[in-house]
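Bear in mind that the values in this text are calculations on the coordinates, not laboratory data. Source: prediction; values computed, not measured. Every residue, glycine among them, receives a Cβ derived from its backbone with ideal geometry; neighbour counts consider all protein chains shown.
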Amino acid sequence: MNDISTWDVARNLADGAMWTLGLSLCAFVLGGVSGLALLFARIAKRTWLRRLAQGYIEVFQGTPLLMQLFIIFFGSSLIGIELSPWLAAALGLTLFTSAYLGEIWRACVESVAKGQWEASASLALSHFEQMRYVILPQARRIAIAPTVGFSVQVVKGTAVTSIIGFVELTKTGSMLANATYKPFLVFGLVALGYFILCYPLSAFSRRLERNSRESRTH
Amino acid sequence: MNLVRIDGLHKHFGSNHVLKGIDLRIKQGEVVALIGRSGSGKSTLLRSINGLESFEDGLVEVDGERLHAGQTNLRELRQKVGMVFQQFNLFPHLSVGENVMLAPQVVKKTPRGECETIARSVLDKVGLSEKYDAYPDQLSGGQQQRVAIARALAMQPRVLLCDEITSALDPELVNEVLAVVKTLAAEGMTLIMVTHEMRFAREVGDRLVFMHEGRIHESGTPAELFAHPKTPELANFIGSIN
């Protein structure tokens, strides 16, 4: 079994890392779009819409990602829909990401001074126009750093999808560890892979935070 | 002709009955100052006129636009009512010119070029045309408040509400803002203001409305009210501020 070279290990792990990256991007983009929808629902005037969004967020924040993936993966086959591990993983992570981003962004919107709502309301702007021209541009500045910071959680969260059989970095690693009997080397490289994906993001987030503290308000 | 009509306005904050049946008529071009102790309901009354505060009972009408209890469609009414706040509330991410142009552009769909003309003319009126490209945090409090006035004027409102607009200013900056308000009054703008500047209210106001415990307790010309307060509450209030 030792005819698998370190080079082979590294190449296969790089392949797995690409799937991790792809899944992260997919979850982040789709989760971002639905997170934005959640944000609007969360601050809507209609009570039922606010409650619905809040319930959604509480469910996805209050249960482990692993259980969410199990329920999506095994639950879908119970109702007769066969989801591939890739689809189940993408769907699960998207739902998870949207709940967190929706909540992060809501906090940013609520940190915009109340006077900004009142001033724009008294200028006859509609709720949507207030959001678009006055509130979101200010909330966006506050949101960038925590959003990028959360993207690190998404990348690491993809590791859990290995359990439903999606072959990303962690799954590739455990298969290689079994084949090579060198778990320390393989999982060391897996960890390095995650670090290479995550470090630029967290460094970027730190820099943004520093900039936003130092920069003027516009 | 009455520009503003308020009939039987009632407002509660929880169990606190803050407006207990307000009736008020304001003519075109009139300058009305709402005075009274804090908690007397004067700010709440002012904020009801453009629907920033909801009310449970009664009617507000501005230039034919009616506002009933629980109504949520305020777009028409708010285009006729400008408002200036104690804390200025300029949009910090937009330049002075953009602050002023936003509502005409977005709400009235006025073409960009025309908006710029409007913006320059209202900024000129408040003496800040040279600050067109500046950002709010580069201005003094007095300048920010004058931009806020210009921003309200850009919508060509029929009436301007001023909610303690000099209370957050350093004393030396108060006069530049009051001078702008005085010019507006002289040009015939209908003004309703909540103010603690009694001297100013006396000088510019056509009518003072003294509020006490959620009711209009007394109202009349500044000269009448200050010289001959009819109620002990008003006499007391005048005594406490002099």
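For this structure, a couple of remarks:
- Positive-end extreme of charge dipole, region A:1-125 - chosen from A:T6, A:T94, A:G16 (charges on Cβ): A:T94
- Three-way shape call for region B:1-89 based on the alpha-carbon gyration tensor, with the a/c threshold at 1.5: rounded
- Neighbour count of at most 13 Cβ within 10 Å plus DSSP loop: longest GluC sites (Glu not before Pro)-free window in chain B: B:57-186
- Which of A:I71, A:V109, A:Y199, positive extreme of dipole for region A:6-213 (C-beta unit charges): A:V109
- Rounded if a/c under 1.5, otherwise prolate or oblate - region B:123-189, Cα gyration tensor axes: oblate
- Among the trypsin sites (Lys or Arg not before Pro) within region A:1-69, those in coil by DSSP and having at most 16 neighbouring Cβ atoms inside 10 Å are A:K45, A:R46.
- Pairs exceeding a 25 Å alpha-carbon distance, out of A:K45/B:K42; B:K20/B:K182; B:K11/B:K109; A:K45/B:K20; B:K80/B:K125: A:K45/B:K42; B:K20/B:K182; B:K11/B:K109; A:K45/B:K20.
- Dipole of the protein assembly as shown, positive direction: furthest Cα of B:Q138, A:V190, B:S95, with charges on the beta-carbon: A:V190
- Between the C-alpha center of region B:159-182 and that of region B:210-242 there is a gap of 22 Å.
- In nm, spacing of pseudo-spin labels at B:K27 and B:Q138 (7 Å Cα→C-beta vector): 4.5 nm
- Among A:V152, B:V194, a tally of other beta-carbon atoms within 10 Å of each Cβ gives an order, fewest to most, of A:V152, B:V194.
- Three-way shape label, region A:6-213, alpha-carbon gyration tensor, a/c 1.5: oblate
- Around B:L45: net Lys/Arg minus Asp/Glu count, Cβ-Cβ under 9 Å: +2
- Exposure proxy order (Cβ contacts within 10 Å, fewest to most) of A:L65, A:L78: A:L78, A:L65
- Once C-alpha pairs closer than 8 Å and six or more residues apart are averaged by separation and normalised to the residue number of chain A, the relative contact order reads 30 percent.
- Between 0 and 90°, nearest 10: helix A:85-110 axis offset from chain A longest Cα axis: 30 degrees
- C-alpha long axis of helix A:136-157 to longest principal axis of chain A, angle in °: 20 degrees
- Net charge, A:A159 excluded, C-beta distance under 14 Å - Lys, Arg +1, Asp, Glu -1: +1
- Qualifying chymotrypsin sites (Phe, Trp or Tyr not before Pro) for region A:35-102 [loop in DSSP, other Cβ within 10 Å: at most 16]: none
- Environment charge of A:S24, counting only residues whose C-beta is closer than 12 Å and scoring Lys/Arg +1, Asp/Glu -1: 0
- Angle of helix A:6-42 to the longest C-alpha principal axis of chain A, folded into 0 to 90 degrees and rounded to 10: 20°.
- Taking the Cα centre of chain B as origin and assigning +1 to Lys and Arg Cβ atoms and -1 to Asp and Glu Cβ atoms, the resulting dipole is close to 420 debye.
- Within region A:30-152: Cβ-based charge dipole about Cα centre, in debye rounded to nearest 20 (Lys, Arg +1; Asp, Glu -1): 360 debye
- Length-normalised contact order of chain B in % [C-alpha pairs under 8 Å, at least 6 apart]: 26 percent
- Between region A:117-152 and region B:72-113, the C-alpha centres lie 16 angstrom from each other.
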